[in-house]
Structure formats: structure tokens, C-alpha cells
1. Which FRET efficiency, nearest 0.05, do Lys99 and Thr52 yield, Cβ-Cβ r, R0 22 Å?
2. Quickly rank 103-109, 82-88, 52-58, 133-139 as a protection proxy: mean count of other C-beta atoms within 10 Å, highest first.
3. Once you list every other residue whose beta carbon is under 12 Å from the beta carbon of Thr126, what net charge do they have if Lys and Arg are +1 and Asp and Glu are -1?
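We did not get these values from a lab; they are worked out from the coordinates using the rules stated. As the structure is a computational prediction, the values presented were derived from the model and not from experiment. A quick note on method: Cβ atoms are made from the backbone with ideal geometry, for glycine too, and the neighbour counts reach across all protein chains shown.
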Amino acid sequence: MKKILFLVAASALMVACGQKGQTSGAANGGDSAATAADSLVYEGEIPGADGTFNVRVALAQDSTNGFSLTETSTKDSAAAAPKTGKFEAVQSKDAKGFKLVIAQGDVRYFLQKNDSTLSLVDSTLTPAPSGMNYDLKLKK
């Protein structure tokens, strides 16, 4: 019985020490898109109510489906903290895109126009009727 308790305690200790130095997001694979070398990175300037925003989206190309999204106002040069989470492929009629879930109630949809362009759209993957440019280009 003492051997079993010792093994359980040793296993718990190893698991606890193995996570040391990692953030909770890194431990869960949440920020894999920010660090993965095989991510697709899209960048562009998006219009907003308070001015324009520089937007950067990195989509991990592995099984984690992780993403990193950074939105920085052109009025405020301070870098915004990246938002991370999981993305999923979505489809609507003839359109394909991505759904980025940042938090409950905070979701972004991007239409995949072609191999090198994503466009910020609504949940139906329909481009904005205003005709304004919401495109992000693949960074090479």
C-alpha cells in the first residue's frame, strides 16, 4: 500500500513540476499559432468606428487549430496583447472561412477569398455591404 501511495505522490509531483514556467495557455496549447513556425500569417488594415486597426492573424497549420489575433489601433501605437484560442473551418453555401473564438460572445469570422486573402465578415460569411476593404493578405 505504501508503494502505491508513493507512486501516486511521485506522479503528481512530476506533473506539477513539468508545468513549471509555462503559462496556462501554453500548457493547453492555446498559443501554438503565436509560436509555431508552420503558421499561416495574414496582415492588413481594417476600418473601424474609432479609426483603422492593424490586424494580424496567425493560424496554426497543425492539429491544435490554434490562432493568435492582434488588433492595434493606428491612433495608439502601443502594441495590443495578442488574443489566442481555437479556430474552426466554417462553410456557408459557396463560401468557406474560419471562425475564431476568443471568448464567450467574442467571435470573429473570416471569409477565405482565395489562397492569399482573408476578409473580415459576419457569421454568414457575407462581405460588408459598405464596400469597405476588410481584407488581410498572406504574409510571405
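1. Details: r = 24 Å, r/R0 = 1.07.
About 0.40, to the nearest 0.05.
2. Values: 103-109: 11.6, 82-88: 17.9, 52-58: 19.7, 133-139: 15.7.
For the peptides 103-109, 82-88, 52-58, 133-139, the packing ranking is 52-58, 82-88, 133-139, 103-109.
3. -1
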